[in-house]
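The block underneath contains the structure these notes are about, expressed in structure tokens.
The values are calculated or read from the model by the stated rules, or taken from the named source; none is laboratory data. All values reported here derive from a predicted model rather than from experimental measurement. Reconstructed Cβ throughout: ideal geometry from the backbone, glycine too, with neighbour counts over all protein chains shown.
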Amino acid sequence: MIKTENAELYQVWLAEESCARIHGWDFSHIEDRYEEEPLSWSYKEEIQKRLSPTARLLDTDTGGGEFLRALAHPTSLTAATENYPPNVALCRETLLPLGVDFRAADAGRALPFADNAFDMVLSRHGAYCAEELFRVLSPGGVFLTQQVGCDNDRALVELLLPGTPKPFPEQTPERMRQKFKGVGFQVTELREEFPEIRFYDVGALVWFARIIEWEFPGFSVDACAERLLCAQKILARDGVIRARTHRIFMAAEVRADGQY
């Protein structure tokens, strides 16, 4: 139970929990209260150096389409999918009027596009099916992905929900390599990093944990009150709560002759 002297903190945390919803993939609510170390690579730059102006482009799990729009690729050559209902509605409002071929679909299953339809497919922190990617890519096409690895935010999860299993244990570079190689891709680049993530108030951590519910299943202020007090003690002692994210970058190509 939260003691009387912590009642004010408890109300702050409840307020953060109650407003924890997201529009697209927008973390601006906590932007001054947490930070992540940058990666040594830029996903956007990795795309741009490979993306020709005439390439047929698909962005899977596009969120609200924010990142896709930032690429400024010709919309007549651009398609996108999204499966999360609030983001599907947002994409229909923002992408379709621009001429993007947007379709509601689960990127981890069948993609609603013809064989060899694209020269490049993207997935930033999204689901994927390697077999479907191989099918929709043309010979010489490339799949570029930045993925969240299996050890993402684990110190935070252990702080709030000790013993919680990893939601995506298969998300390691070597398992990804083997999966794509088995389908017929050539994995031409594979990188892994563990940047630090820092929180400067526990309320921001509450909001974060509620948003990323697949990493923090069952989290609530009431269920985790004592663990949140532990987090508050760490913050009082160190001035920051530190953990590590886990990111993987992969480029996988279909051979120009379309063969394995």
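Overview of results
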| read-out | value |
| --- | --- |
| Yes/no for I248 being farther than 28 Å from E46 by Cα, in contact with a helix residue (DSSP H, G or I) (Cβ under 6 Å, 6 or more places away or on another chain), surrounded by 19 or more Cβ atoms within 10 Å (Cβ to Cβ) and not aromatic (F, W, Y) | no |
| Boolean, L9 is at pLDDT below 95 and more than 21 Å from the chain's Cα centre (by Cα) | yes |
| Qualifying position, being surrounded by 14 or more Cβ atoms within 10 Å (Cβ to Cβ) and in contact with a His (Cβ under 6 Å, 6 or more places away or on another chain), among L57, L90, L77, L95 | L57 |
| Residue within the range 201-211 that is in contact with a strand residue (DSSP E or B) (Cβ under 9 Å, 6 or more places away or on another chain), in a loop (DSSP other than H, G, I, E, B) and in contact (Cβ under 8 Å) with a residue 40 or more places away in the chain present | yes |
| Residue tally, condition buried (at least 21 other Cβ atoms within 10 Å of the Cβ) and closer than 19 Å to L111 by Cβ, over the range 60-72 | 6 |
| Residue satisfying condition, being exposed (fewer than 14 other Cβ atoms within 10 Å of the Cβ) and free of Cβ contacts under 8 Å to residues at least 60 places away in the same chain, within set A256, A236 | A236 |
| Positions within the range 12-54 being modelled with pLDDT under 90, surrounded by fewer than 16 Cβ atoms within 10 Å (Cβ to Cβ) and of a type in the set (F, W, Y), in sequence order | F27 |
| Matching residues in the range 214-260 - criterion: being under 25 Å from A127 (Cα atoms), assigned to a strand (DSSP E or B) and in contact with a Lys or Arg (Cβ under 9 Å, 6 or more places away or on another chain) | A243, R244, R247, I248, F249, M250, A251, A252 |
